[in-house]
1. Scanning the chain for chymotrypsin sites (Phe, Trp or Tyr not before Pro) in DSSP loops with at most 16 other Cβ atoms within 10 Å, what's the longest stretch left with none?
2. Label points 7 Å out from Cα along the Cβ direction at residue 114 and residue 15: separation in nm?
3. With the crude spin-label approximation of a point 7 Å out along Cα→Cβ, what separation in nm comes out for residue 459 versus residue 351?
4. So if each residue of separation counts as 0.36 nm, and I subtract the Cα-Cα distance between residue 343 and residue 502, what length gain in nm does that give?
5. If R0 is 22 Å, what FRET efficiency do you get for residue 491 and residue 316 from their C-beta distance, rounded to 0.05?
6. Before rounding to the nearest 500, sum -39500 (n - 2.57) across all DSSP H runs of length at least 4 in the chain and divide by the residue total; then give [θ] at 222 nm in deg cm²/dmol.
7. What dipole magnitude, in Debye to the nearest 20, does the chain give about its Cα centre under +1 on Lys/Arg Cβ and -1 on Asp/Glu Cβ?
8. What list of ³J(HN,Hα) values in whole Hz, one per residue of region 56-71 in order, does the Karplus curve 6.51 cos²θ - 1.76 cosθ + 1.60 (θ = phi - 60°) give from phi, with Gly and Pro shown as x?
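Please treat every number below as a calculation from the coordinates, not as lab data. Not measured: the values here are computed from a predicted model. For neighbour counting, all protein chains shown are included, and Cβ atoms are generated from backbone atoms with ideal geometry for every residue, glycine included.
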Amino acid sequence: MVTEKKNFKSALQKTWKIVSYSSGYGLGGGVTQVFTLYYMSFLTFAMGLNPLAAGAVVAVGKIWDGFVDPMMGLIVDRTHTKLGSCRPWFLAAAIPVFITYFMLWYPFGISGETGRFFYFLAAQILFSTAFSMGMVPYEAILPKITDSYGERTNYSSVRMVFSGLFSVGGNYVYQLLIPAETAAEYAGMSGNFFKLGLILGAVFAIPLLVTFAGTKEKIPPLQTLEKPKETLKSVFKTYGELLRCKLFKKCFLLTVLGSFIYYAVSVSLVTFVLLVYTNTAYEISFWTFSFSMTLSFLVVNIRDAFEMSFFIPNVLMMKKRNKHRPFLVDLPLLAIGSLIVFFITPDAGIIFYFIAVAFIGAGVSCLNFVPNSLMPDLADVDELVSGIRREGANAGLVSLGRQVAQGAAFLVCGAALFAFGLSDETAATPEKATALSLASLKIMLCVIPVIGGAVMFAISKTYGLTPETHALIKTKIQEKRTAGQTALSPSDKHTFSSVTGLPADDLWISK
């Protein structure tokens, strides 16, 4: 009986650790979903910015975020407290995230396109800074929680479940507060966007506090707690050392391409509905219960349902084979969905778009999930090369690529729509807007996913890090940490050289 109670308590504690860690990604996943799907429409149709200006606002914020992230990564690595190096930043970021997220949706009476452009540009920069304060430590903390390749997969899997829950919840809040059926209706909903910013700002900030409360970091050994003098040269040197590693470069490219494709598709989904089908209300019935949802909301939920449903087979593939395996299955499904959209015309039935969105949802399931799962293992490979634990630097540099890619997706979408003549005025005439904008949307929904997905498929075929290789890396690092040296067989050297792309004798593990 005593043993059963201990086992139950242990299982409960383990579950709480995974849940509290995973809840923090409500900020990453939840913000990403609502922001990506609706923010361009908000800036264009509610705030009166032209699509190019709207895309530039988001792009500058994302690029700023990207360049703050590497600095934040180094700050995390130099933070040494009794709470750890990552957890104090969750506390520091919570209130700034709430305030600046609210600013994204409310202009405080500022009118005129120029004034609003500069206001939202400032709001983007402030929010991006607050976001980095929370998310870079979040990306860096998992290697400090557990060393196990398999356990990290479990944490990453539950994290994506929470991401899905926050994304779906954010969509429902948006649907309740912003039930616009045409682009023209956005302009009269400033009070609704005020409420949206307050509610979602709190919803996305609170999970950081939960993660702070429920996680615990392993304090690194004393030899890694040195605080070298920071100079611009040393910063570039650190990131240059990371980029020497072949595995890091592959993970970086997979993250960048995955983010660009995911955002290109997501930004375009709702705009495609607004311009091609008009966002009419649909009555959905289940037995005796009925409710109305706009067409854009229905499309988003179809995408989300298929994206979340593929988490389970993706996790099974990762556990049975390796963490990059889902790319080989999901990316072809994305290509199928994109090709269906390519042949859709304004006269085609909505059912064809539903089918395409279902395939797209299944295909994009791997784009964020797999890179997020791969990243914690980079710190172990980096230690194999350098002998230093640099979780923050790894997370910061990967996040730089992710944020720049996301900003580029918004900018490309805005520039393409602007070039084809879309504005808040032409959007009020769907027939005209469709003729001008359909081609640009198909670039985002068809061309980018097919070409980018093919490159990701090729990279993933040669990724190289398997559970067996990771276990060998951890074993040899532990041996060297304990005894001061470790014996490497020719096979070990070949494996390490293949993974890192560096001569085995140049690695810290060999010295």
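1. Longest stretch, sites excluded: 109-286.
2. Between residue 114 and residue 15, the simple spin-label model gives 6.0 nm.
3. 3.9 nm
4. 52.6 nm
5. 0.15
6. -25000 deg cm²/dmol
7. It works out to roughly 1880 debye.
8. The phi angles translate into 5, 4, 5, 4, 4, x, 5, 5, 4, 4, x, 7, 6, 4, x, 5 Hz.
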